[in-house]
Amino acid sequence: MMKKLIVFLLAAAILLPCAATLAPAPAKAESMYVIPDSDTRKLTWDELMKYKYDTLLYAFNEIYARHGYKFEYGSRCYNWFIQMPWYKPNEEESSKNHSKSYNACSKIENENVDLIKAVRKYMRENGITNPNGIGMPTPPAQNVDKPRGFEYVNLKAGQKLEVYSAPSAYAYRANNGKAMVNTNGAVYALGWDQGWMLMLYEANAAGQYRVGYIDGAKIKGKKPTLNTLSWSRTKVEVVETTTLTDDPALTGKALATLPAGTQVVYLTTMYNSGAWDYIETTIDGKTARGFVESGTLSMAVDDLEKDAADLIPGVGDG
């Protein structure tokens, strides 16, 4: 009897993890899409059956939304997609004419729409709601005070790219050296610096937004057309102990504490509801860039701008 019990327990220990892997995974909070690649990949009946019935309504409308489908103001689809930085309603459309959106869809997208609708019809006719299925992703935070100049960029979905605090693979990397951006989430870019894209993204695992660099050579698909960044690169000193952050948009979470007297390199000043000086320093012996509140450095911004103007004859005189 004891021998049979042991065999049963061993079998259960083996089978339970397998059963867990068969359960549908919840939608990831880092995604802005119900199905991120529904515009490029043929979906299957079996995978769609793992979703909640209601979620599939947004899944096929998402395909149209990518092409600017203009939803009725106040409708649930409008209220959902208007949260997404990638959604740009086509103002040429009306509530009765969506030909531009329909015509812009590819063959794969049209086939996916038809398949999703067929799955929904099957579920509806068989009373299937799938309440424990895959649900909706968590939308991007709406209270983000992103620095001006950072604009949403549409990167190919499904990429996970390493993020560094400065434009080098040898620079400091936040999140214990594991900072990553998932292109299924919202990415806002400012420009290019030595082949690296300076961007801001939602780092859900840390509950914050983060400004950092990704290597342009690692980006798959079409790369954003952005301006080349130019920095002041003026040596200054921290006049009062302050914190260095890579998140001026939401939490202000500290990367490091910079004591008074620390020598840093001033790059520029960025603005949201406040003013932030963007600087370069070191953390753990590695080059790091981040933000400190304006007013904590030895030279006022006005002085820095005056120095720059003094280099040009006839500018700043009088």
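Neighbours of Leu57 by Cβ distance under 9 Å: Lys/Arg scored +1, Asp/Glu scored -1, total +1.
Run the paramagnetic zone check for Asn227: 7 angstrom along Cα to Cβ, then residues of region 169-192 with backbone nitrogen under 14 Å. Under 14 Å, as judged by backbone N against the label point of Asn227, lie 189-192 of region 169-192.
Give me the extension gain from Lys88 to Ala254: residue separation times 0.36 nm, minus the current Cα-Cα distance, reported in nm with one decimal. Don't jump to the answer; show the numbers that get you there.
Details: separation 166, 0.36 × 166 = 59.76 nm, distance 3.43 nm.
In short, 56.3 nm is gained.
Here's the list of lysines a cross-link from Lys117 could span, going by alpha-carbon distance under 27 Å and ignoring same-chain residues fewer than 8 apart: Lys28, Lys42, Lys50, Lys52, Lys70, Lys88, Lys96, Lys100, Lys107, Lys156. A dipole drawn for region 21-125 from +1 and -1 charges on Cβ atoms has a positive end, and of Leu48, His67, Val34 the residue lying farthest that way is Leu48.
Segment Thr241..Tyr170, full-extension length gain: 22.9 nm, with 0.36 nm per residue of separation and the alpha-carbon distance subtracted. Under 5 Å between amide hydrogens, built in the peptide plane, is the criterion, and for Ile134 it picks out Tyr51, Lys52 among residues at least 5 positions away or on other chains. Here the extension length gained between Lys218 and Ser298 equals 25.0 nm, from 0.36 nm per residue of separation less the Cα-Cα distance.
Spacing of the modelled spin labels on Ile108 and Ile128, each 7 Å from Cα toward Cβ, amounts to 2.5 nm.
Met136 to Asn272: FRET efficiency via 1/(1 + (r/R0)^6), r the Cβ-Cβ distance, R0 35 Å, to the nearest 0.05?
Numbers: r = 29 Å, r/R0 = 0.81.
After rounding, the FRET efficiency stands at 0.75.
The value for region 151-218 of Rg(Cα) / (2.2 N^0.38 Å) is 0.98. Amide hydrogen proximity for Thr287: with H placed 1.01 Å from N in the peptide plane, the residues at 5 or more positions away or on another chain lying under 5 Å are Tyr172.
Taking amide H atoms as placed 1.01 Å from N in the peptide plane, the amide H of Thr269 lies under 5 Å from those of Tyr278, each 5 or more residues away in sequence or on another chain.
No value in this document is a laboratory result; all are computed from the given coordinates. Because the structure is a prediction, the values reported are computed rather than measured. Please note: Cβ atoms are built from the backbone with ideal geometry, for glycine as well, and neighbour counts cover all protein chains shown.
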